[in-house]
Amino acid sequence: MASTPASTVLERFLRYVAYDTQSDENSTTYPSTAKQLVFADAIVAELRALGLHDAARDEHGYVMATIPATTKKPGVPVIGFIAHLDTSPEADGANVKPVIHRNYQGQDLTFADDPALVLKRSDNPSLERQLGNDIVTASGTTLLGADNKAGAAAIVAAAEYLLQHPAIAHGTLRLGFTPDEEVGSGTKYFDVKKFGAAFAYTMDGEELGEVESETFSADSMTITFTGFNTHPGFAKGRMVNAIKVAADFIQRLPKNGLAPETTAQREGFVHPYVVNAAVEKTSVKFLIRDFVTAELAEKEAFLEKLARETAAAWPGAAVTCVVEESYRNMKEVLDRYPQVAEHAREAVRRAGLQVLEKPIRGGTDGSKLSFMGLPTPNVFTGEHNFHSRLEWVSVQDMEKAVEVIVHIARVWEEKS
Ligand SMILES: [Zn+2]
């Protein structure tokens with residue numbers, strides 16, 4: 001019998017990171033890799049063994065399960081907790097060998113399988129808060145997968161605790177585990193109706209105490225320059241080289257602002273990240289980001305004007321601009337349901353922690369879910385240095401995440 005809500009989270013975490021669940025952005029299947037299903041099925045088996053008899057995986061790889069209500073109060077909303085099954089394709093994710101550094105004393109941490117790799121305290125201000133705690137890293141050649149197996153372990157540990165303590169009053173809770181978050185498709189087939197929660201929390205945040213309810217709003221924009229190709233031996237006065245037009249355009253982008261490398265905090269940016277170049281046609285792909293959705297259109301108008309001015313300077317060249325919506329700032333939805341973030345803040349305080357809030361300079365699955373009808377802020381689990389061989393997680397922070405989940409369930413019951 002678990003004596004604290006947290007006592008099983010490390011054991012689970014170490015078991016989960018042994019599954020290679022990398023997603024693949026070049027795949028044409030869903031989920032993008034079949035190995036995510038192996039982990040999904042293991043989670044289902046584990047949830048069933050805990051007594052969650054409806055735990056099941058669907059054909060897309062989504063795992064859902066229900067913790068029945070213990071309260072007799074009517075009208076307590078169904079609350080969901082969500083983690084993603086996959087890990088990032090940006091660093092090797094197979095044969096992860098987790099290493100526990102007990103009782104951390106502020107030193108730089110080294111890696112047995114890559115002596116050149118060092119997790120420096122000076123580069124990781126979050127390590128300052130970990131003195132005396134236990135830190136888990138990988139062994140140097142792979143990522144750890146704390147993003148998001150720390151979240152999965154916290155959710156399952158909290159489920160086990162709640163099932164062992166039926167005297168804790170809470171409403172119906174839904175657990176969700178999703179594939180392909182890291183390749184931007186985590187919500188593609190997420191059935192909000194079937195999940196059946198009124199509100200949810202992704203357990204995929206970083207720093208102890210964090211409750212994140214604001215993300216970027218995001219579009220992508222493809223600017224395509226068309227030139228005219230001929231045999232280069234007979235090109236004089238005829239060829240228009242789209243590569244040179246695009247290069248001229250990129251050269252005209254602002255040097256001192258509006259870029260990821262020159263902005264921070266609440267500033268947005270435009271970011272050219274792929275160029276497909278040929279003489280006849282060259283396209284430049286941009287990420288457009290801002291916390292204020294209306295500012296996206298201004299940034300897009302600015303790029304379009306710059307592109308047209310550039311094309312005009314190259315007789316015979318033409319340009320087209322196509323904008324696609326990526327995701328929107330979840331705050332636009334969450335502001336209509338202030339209790340969702342507030343109950344999470346209250347749960348963080350009840351766990352004895354200070355609430356940290358900062359806007360996320362990116363998106364979460366919650367950004368999309370919020371606009372799909374499931375308002376979903378993001379809560380910390382102690383995972384750090386995502387997508388990197390320097391990834392690490394604090395055992396004590398994971399334990400606090402378990403406590404916070406239990407508190408969130410209680411707060412919703414009390415305040416409904
Ligand atoms: Zn994540």
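For region 283-292, the criterion of a residue being closer than 30 Å to Glu357 by Cα and surrounded by fewer than 16 Cβ atoms within 10 Å (Cβ to Cβ) is satisfied by at least one position. I'm trying to understand the selection: among the residues of region 105-134, which are within 17 Å of Asp397 (Cβ to Cβ), open to solvent by less than 20 Å² (accessible area, probe 1.4 Å) and out of contact with any Asp or Glu (no Cβ under 7 Å at 6 or more places or on another chain)? Those that are within 17 Å of Asp397 (Cβ to Cβ), open to solvent by less than 20 Å² (accessible area, probe 1.4 Å) and out of contact with any Asp or Glu (no Cβ under 7 Å at 6 or more places or on another chain): Gly106, Leu109, Asn124, Leu127, Gln130.
Candidates in region 365-402 are the residues that are of a type in the set (A, V, I, L, M, F, W, C), in contact with a Leu (Cβ under 8 Å, 6 or more places away or on another chain) and outside any loop (DSSP other than H, G, I, E, B); of these, the one that is farthest from Asp180 (Cα to Cα) is Val395. Taken as a whole, the structure places Trp392 among residues that are hydrophobic (A, V, I, L, M, F, W, C) and within 16 Å of the ligand (Cβ to nearest atom).
Conditions (1) in a strand (DSSP E or B); (2) away from the ligand (no atom under 16 Å from the Cβ), marked per residue:
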{"position": "Asp204", "(1), (2)": "yes, no"}
{"position": "Leu208", "(1), (2)": "no, yes"}
{"position": "Asp219", "(1), (2)": "yes, yes"}
{"position": "Lys236", "(1), (2)": "no, yes"}
{"position": "Ile243", "(1), (2)": "no, yes"}
{"position": "Ala246", "(1), (2)": "no, yes"}
{"position": "Phe249", "(1), (2)": "no, yes"}
{"position": "Pro254", "(1), (2)": "no, yes"}
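Residue check: Ile100 meets all listed conditions (1) of a type in the set (Val, Ile, Thr); (2) buried (at least 16 other Cβ atoms within 10 Å of the Cβ); (3) closer than 19 Å to Gly382 by Cα but one, namely (2). Taken together, Arg349, Arg410 contain a single residue that is outside any loop (DSSP other than H, G, I, E, B), under 23 Å from Glu128 (Cα atoms) and open to solvent by 50 Å² or more (accessible area, probe 1.4 Å), which is Arg349.
Picking from Val183, Val240, Val211, which residue would you name as being closer than 21 Å to Val379 by Cα, aliphatic (A, V, I, L, M) and open to solvent by 10 Å² or more (accessible area, probe 1.4 Å)? Steps first, answer last, please.
On the way: Val240 fails: closer than 21 Å to Val379 by Cα; Val211 fails: open to solvent by 10 Å² or more (accessible area, probe 1.4 Å).
When all the criteria are applied, what remains is Val183.
On the basis of being modelled with pLDDT under 95 and either within 19 Å of the chain's Cα centre (by Cα) or within 30 Å of Val340 (Cα to Cα) (or both), does Glu90 make the cut? Lay out the reasoning, then the answer.
Working: modelled with pLDDT under 95: yes; either within 19 Å of the chain's Cα centre (by Cα) or within 30 Å of Val340 (Cα to Cα) (or both): yes.
Yes, satisfied.
When Phe13 is tested against (1) within 16 Å of the ligand (Cβ to nearest atom); (2) more than 23 Å from Phe195 (Cβ to Cβ); (3) assigned to a loop (DSSP other than H, G, I, E, B); (4) modelled with pLDDT of 95 or more, exactly one condition is not met: (3).
Please report, ordered by residue number, the strands (runs of 3 or more DSSP E) entirely within region 80-195 with at least 3 residues that are within 16 Å of the ligand (Cβ to nearest atom).
Working: elements: 99-101, 135-137, 173-178.
Here the list reads 173-178.
Just need a number here: residues in region 258-282 that are closer than 19 Å to Ala218 by Cα, of a type outside the set (A, V, I, L, M) and open to solvent by less than 40 Å² (accessible area, probe 1.4 Å). Residues meeting the conditions: 3.
What are the residues in region 16-37 that are hydrophobic (A, V, I, L, M, F, W, C) and either loosely packed, with under 14 Cβ neighbours inside 10 Å or at pLDDT below 95 (or both), if any? Quick ask: steps written out before the conclusion?
Taking region 16-37 as the starting set, the residues that turn out to be hydrophobic (A, V, I, L, M, F, W, C) are 17-18, 34, 37.
Selection gives Ala34 alone.
The values are calculated or read from the model by the stated rules, or taken from the named source; none is laboratory data. Owing to the predicted nature of the structure, the values given are computational and were not obtained by experimental measurement. Glycine gets a Cβ as well: all are built from the backbone with ideal geometry, and neighbour counts include every protein chain shown. We work out accessible area using only protein heavy atoms, side chains counted, and drop any ligands, DNA or RNA first. Shrake-Rupley method; radii C 1.70, N 1.55, O 1.52, S 1.80 Å.
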